[in-house]
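The values are calculated or read from the model by the stated rules, or taken from the named source; none is laboratory data. Fair warning: this is a prediction, and the values are worked out from it, not measured in the lab. Every residue, glycine as well, gets a Cβ built from its backbone with ideal geometry; the counts of neighbours run over all protein chains shown. The protein model used for the area step is the full one, side chains on, heavy atoms only, and it has no ligands, DNA or RNA in it. Shrake-Rupley method; radii C 1.70, N 1.55, O 1.52, S 1.80 Å.
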Amino acid sequence: MKAGHWVLLVLGVLLTVLGLGAGIGGAVLAGADAAQREGRYLTGDTERYQSTGYALTTPSVVIDPGEAGMPGVPPVGELASVQVRAAPVVPDQEIFVGLAEASDASAYLQDVPQTSLGDVSWSAADPRPGALSRPGDDDERTTAGTRVPEDPAAQDIWVASASGAGTQEITFDLQPGQWSLVVMNADASRPVWVDLQAGARTELLGPVGTGLLIGGLTGLVLGIPLLLLGTRGLGRDIDPGAPRRGRGPGAARAEHPGPSGAAAIGYPVRVSGFLDQRLSRGLWLVKWLLAIPHYIVLALLWVALVVTTIAAGLAVLFTGRYPRSWFAFSVGVLRWSWRVGFYAYSALGTDRYPPFTLATTDYPADLDVAYPARLSRGLVLVKWWLLAIPHLLIVGVLTSGTGTWGSEWDESGRATTTSWGPSLLGLLVLIAAVILLFTGRYRHELFALIMGLNRWIYRVGAYVLLLRDEYPPFRLDQGPTEPPAHPVSPRPGPHPASGAGHEPAPAPGRSERPASQGGNRPPWDA
């Protein structure tokens with residue numbers, strides 16, 4: 001594989017990923033900018049706070065404009081503003097919310113029992129009865145003090161304040177300084193129990209979002225062509241010329257009906273893996289580390305594979321043909337992935353380190369897909385998601401772990417608990433690894449089952465990647481190689497020569513097993 005094609009692929013992947021990320025970020029910021037038009041604020045969730053003291057306060061926030069005083073840079077107050085809404089939990093309770101310099105707020109609340117907003121909060125959607133009544137916990141978070149504060153509304157320290165019954169709201173254009181928010185009952189009584197919601201708006205969202213959109217579009221315009229050129233070149237490197245008709249796995253089914261109208265039963269995705277006779281007992285414990293270089297390369301290749309599949313799908317839609325070089329590249333990525341999986345934790349079938357190549361090599365694991373002469377233009381729109389749903393559900397069971405989520409409550413508050421278990425394939429490989437660790441042997445029947453699961457997964461993968469139109473079979477073909485493709489004769493009927501209903505006999509000296517399944521066995525299958 002030529003180095004120049006790899007350079008094109010890597011540059012294309014990096015530009016495409018960066019462009020896609022920037023484009024998504026720009027779209028999000030543009031949507032947020034549209035949402036805050038007409039003076040609206042982008043608000044967060046409502047949180048419920050309680051204090052057994054006289055006040056709820058925030059830690060001081062420092063606003064440093066930095067170089068905002070430079071020519072051409074607008075004042076910080078013109079760039080952003082914040083909004084705070086407070087609503088009493090107890091009906092008819094009047095509340096006060098104000099913002100002041102941190103030093104002034106600290107002096108006003110000196111020796112006053114108070115609770116920091118960063119210390120305790122409850123969700124307003126908490127369904128548990130009594131969840132908001134935690135005097136013991138709150139006492140631990142409330143600072144000690146003996147002084148009763150004066151009427152908060154009578155103080156002249158606030159740069160923004162609101163007081164009264166119902167929801168109270170203050171807004172503040174950012175200014176240099178160190179600020180603190182204070183929430184109290186309007187009559188300076190205790191305890192304090194409110195719902196708070198904060199919001200913000202800034203004029204920077206529009207320009208930043210537009211810049212990200214332009215940058216993302218530029219990255220995609222430059223990256224996708226480079227990526228497609230790189231994958232095309234790599235595909236030609238590993239498959240410089242189309243094979244003659246009738247060659248390759250699955251070709252008998254795709255092109256030749258067989259003798260006397262018989263069709264070969266098989267699937268054109270061929271997955272093989274041959275178990276090493278001697279495996280290290282403990283090497284599998286560190287294979288995750290040894291395989292990291294492959295994982296990095298495969299991450300790049302799979303990004304390229306997704307883009308290439310989309311481009312190839314468009315080509316199939318209009319021409320009915322999958323571009324040969326992209327087909328070879330896609331198969332090469334699947335082949336590389338299978339080798340790494342066979343070496344690592346999809347099978348643990350060999351200790352031979354996988355080669356860094358997309359092409360077929362002398363390795364115990366291999367994968368190939370017969371190139372189709374033509375593909376259905378209509379199936380390309382539905383087979384990769386709608387028709388594949390049954391198989392995708394099965395593959396999800398085979399490869400995805402089982403998890404449970406729950407909540408438990410203790411004296412300190414709400415704690416969410418999760419548990420996770422291995423997938424079926426992962427569990428089988430783990431069992432094989434533990435047996436190998438203690439006995440030095442890999443159970444052959446277990447290996448055959450693991451191979452069957454992997455074969456199912458890669459057949460579905462090839463179908464979803466638009467490489468073939470044949471629907472994957474619902475069967476578990478176990479063992480190191482694909483099952484032999486046996487010819488199936490037509491239904492018994494009058495024979496053209498004898499008129500009797502019988503199955504035609506094979507030609508003398510001809511085996512019923514196709515030549516593609518013949519005796520060219522690799523040395524490790526001896």
Cβ pairs under 6 Å, 6+ apart or interchain, first in the range 45-62 and more than 17 Å from residue 191 (Cα to Cα) and in contact (Cβ under 8 Å) with a residue 24 or more places away in the chain, second in a strand (DSSP E or B) and open to solvent by 60 Å² or more (accessible area, probe 1.4 Å), ordered by first then second residue, are 60/178; 62/178
message: Any residue that is open to solvent by 40 Å² or more (accessible area, probe 1.4 Å) and modelled with pLDDT of 90 or more - is there at least one of those in the range 59-72?
response: no
Residue 489 passes all but one of the listed conditions (1) modelled with pLDDT under 95; (2) out of contact with any helix residue (DSSP H, G or I) (no Cβ under 7 Å at 6 or more places or on another chain); the exception is number (2)
Does any residue of the range 339-353 turn out to be of a type in the set (Asp, Glu), in a loop (DSSP other than H, G, I, E, B) and under 28 Å from residue 431 (Cα atoms)? yes
Listed by first then second residue, the pairs whose first member lies in the range 300-324 and is free of Cβ contacts under 8 Å to residues at least 24 places away in the same chain, whose partner is of a type in the set (Ser, Thr, Tyr), with beta carbons under 9 Å and at least 6 positions apart or on separate chains, are 315/322
With criteria (1) farther than 25 Å from residue 112 by Cα; (2) out of contact with any strand residue (DSSP E or B) (no Cβ under 6 Å at 6 or more places or on another chain); (3) surrounded by fewer than 18 Cβ atoms within 10 Å (Cβ to Cβ), residue 189 comes up short on (1)
Pairing a residue in the range 175-199 that is farther than 17 Å from residue 150 by Cα and assigned to a strand (DSSP E or B) with any residue that is hydroxyl-bearing (Ser, Thr, Tyr) and open to solvent by 80 Å² or more (accessible area, probe 1.4 Å), where Cβ atoms lie under 6 Å and the two sit 6 or more apart in sequence or on different chains, gives none
Those residues of the range 276-297 which are open to solvent by 20 Å² or more (accessible area, probe 1.4 Å) and either in a helix (DSSP H, G or I) or touching a Pro at 6+ places or on another chain (Cβ under 9 Å) (or both) amount to 276, 283, 284, 285, 288, 289, 290, 292, 293, 295, 296, 297
Counted residues in the range 203-216 being within 24 Å of residue 171 (Cα to Cα) and surrounded by fewer than 20 Cβ atoms within 10 Å (Cβ to Cβ) come to 5
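Residues are listed down the side, and each one gets a yes or a no for (1) in a helix (DSSP H, G or I); (2) open to solvent by less than 40 Å² (accessible area, probe 1.4 Å):
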residue: 1; (1), (2): no, no
residue: 7; (1), (2): yes, no
residue: 16; (1), (2): yes, yes
residue: 19; (1), (2): yes, yes
residue: 22; (1), (2): yes, yes
residue: 38; (1), (2): yes, no
Flagged pairs (Cβ under 9 angstrom, 6 or more apart or on separate chains; first in the range 140-168, at positive phi; second at pLDDT 95 or above and of a type in the set (Val, Ile, Thr)) are 164/95; 166/95
Of 424, 446, 430, 465, the only residue that is within 27 Å of residue 283 (Cα to Cα), modelled with pLDDT of 95 or more and touching a Leu at 6+ places or on another chain (Cβ under 8 Å) is 446
Checklist line | Residue match in the range 258-267 (condition: touching a Ser or Thr at 6+ places or on another chain (Cβ under 8 Å), open to solvent by less than 40 Å² (accessible area, probe 1.4 Å) and at pLDDT below 95) | finding: yes
